[in-house]
1. Answer with yes or no whether T21 is of a type in the set (S, T, N, Q) and open to solvent by less than 20 Å² (accessible area, probe 1.4 Å).
2. Within the stretch 100-117, can you find the residues that are part of a loop (DSSP other than H, G, I, E, B) and away from the ligand (no atom under 15 Å from the Cβ)?
3. From the set of residues in the stretch 37-75 that are in a helix (DSSP H, G or I) and touching a strand residue (DSSP E or B) at 6+ places or on another chain (Cβ under 6 Å), which is most open to solvent (accessible area, probe 1.4 Å)?
4. For K121, state whether it is in a strand (DSSP E or B), open to solvent by 20 Å² or more (accessible area, probe 1.4 Å), within 16 Å of the ligand (Cβ to nearest atom) and not acidic (D, E).
5. Would you be able to say whether some residue in the stretch 221-235 is in contact with a helix residue (DSSP H, G or I) (Cβ under 6 Å, 6 or more places away or on another chain) and surrounded by 19 or more Cβ atoms within 10 Å (Cβ to Cβ)?
6. Please pick out the residue among R207, R188 that is of a type in the set (D, E, K, R), in contact (Cβ under 8 Å) with a residue 24 or more places away in the chain and closer than 21 Å to D117 by Cα.
7. May I ask you to verify whether I97 is of a type in the set (V, I, T), modelled with pLDDT of 95 or more, within 16 Å of the ligand (Cβ to nearest atom) and surrounded by 15 or more Cβ atoms within 10 Å (Cβ to Cβ)?
8. Regarding the stretch 292-301, can at least one residue be identified that is surrounded by fewer than 19 Cβ atoms within 10 Å (Cβ to Cβ), away from the ligand (no atom under 16 Å from the Cβ) and modelled with pLDDT of 95 or more?
Amino acid sequence: MSIEITPLHPVLAGEVAGIDTTQKLTPEAVAAIASGMDRYAVLVFRDQRLTDEQQLQFSQSFGALEFTNGTGIAKPGEQRLHPAFADVSNLDKDNQILARDNRRRLYSLGNMLWHSDSSFKPVPAKYSILSGRVVATSGGETEFADMRAAYDALDDATKAEIEPLVCEHSLIYSRETLGFGDLTEAERATMSPVRQALVRTHPGSGRKSLYLASHIGTIIGWPMPEARAFIRDLTEHATQRRFVYAHHWRAFDLVVWDNRATMHRVRRYDSGQVRDMRRTTVAGTALTAVQPGQMQATGAQAAE
Ligand SMILES: [Fe+2]
């Protein structure tokens, strides 16, 4: 089993050769990919013509999957894909392009803001795995920012200040930023804020990183405007171009990223063209912070 990884950027991202993701992976291949993920945080596999079943099989090699039921605004029966997929296409269940004013489309524009997948869940995501079945011909890049390099570049006083801080994350905050407040009470109820540490330590690499996302609405114990101004400052710092790899999609690219070490966003594209992107998500296994109403002794602040 040989796998080769070529760096795509000075601080993160590598391109993998020698792996066919349509086939069941050997334990050695899984270990080699996991080790590459610990080092690069983003891995690109070219020309992977996966079926949905093969994408599920590949994804499950790295842990249990997240299901998308109960998050976001898609209703049962409206979904185009298996419930283990996050449909980040611009298509409805009949494969028709969503109208410009379509509510799901407007909601999904939140993906253009820097974020880490599922940071709004108490136990946030580990890996995201995105398959480009039909890619945009111009624009539509996915950009990844290395939160480990961003943390390393902070001065010591800032590192000390942020070490104990805990933030509130909710889909409501990121959507409000875009002026999308059109949520029902039932939807809002599924989007109650959760708490996440602002600094986390990666269980594989041992590196510390900033845990930022546009889902952050405040820092626990801080006045909200001061918290938001500070989070905005940290986000500007963390998304400087020297920390960012921009992925220009080719059809059948498969890109895997570690949400515990990166933020990402999609860039603007022609929404009149089909863009069929299908994401599976490997669930995390630990809280990063104690949740409201939870006892301190339950093991929160674990490393993942
Ligand atoms: Fe995302």
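The values are calculated or read from the model by the stated rules, or taken from the named source; none is laboratory data. Everything numeric here is computed off the predicted structure, so don't read it as measured data. Cβ coordinates were reconstructed from backbone atoms using ideal geometry, including for glycine residues, and neighbour counts include every protein chain displayed. Keep in mind that these areas ignore ligands, DNA and RNA; they rest on the heavy atoms of the full protein, side chains included. Shrake-Rupley method; radii C 1.70, N 1.55, O 1.52, S 1.80 Å.
1. Values: of a type in the set (S, T, N, Q): yes; open to solvent by less than 20 Å² (accessible area, probe 1.4 Å): yes.
Yes; evaluated as a whole, the condition is true for this residue.
2. Correct list: R100, D101, N102.
3. Y40
4. For K121, the condition - in a strand (DSSP E or B), open to solvent by 20 Å² or more (accessible area, probe 1.4 Å), within 16 Å of the ligand (Cβ to nearest atom) and not acidic (D, E) - is not met.
5. Within the stretch 221-235 (the criterion being in contact with a helix residue (DSSP H, G or I) (Cβ under 6 Å, 6 or more places away or on another chain) and surrounded by 19 or more Cβ atoms within 10 Å (Cβ to Cβ)), the answer is no, since none of the residues qualifies.
6. R207
7. Values: of a type in the set (V, I, T): yes; modelled with pLDDT of 95 or more: yes; within 16 Å of the ligand (Cβ to nearest atom): no; surrounded by 15 or more Cβ atoms within 10 Å (Cβ to Cβ): yes.
Taking the combined requirement at face value, the residue does not satisfy it.
8. no
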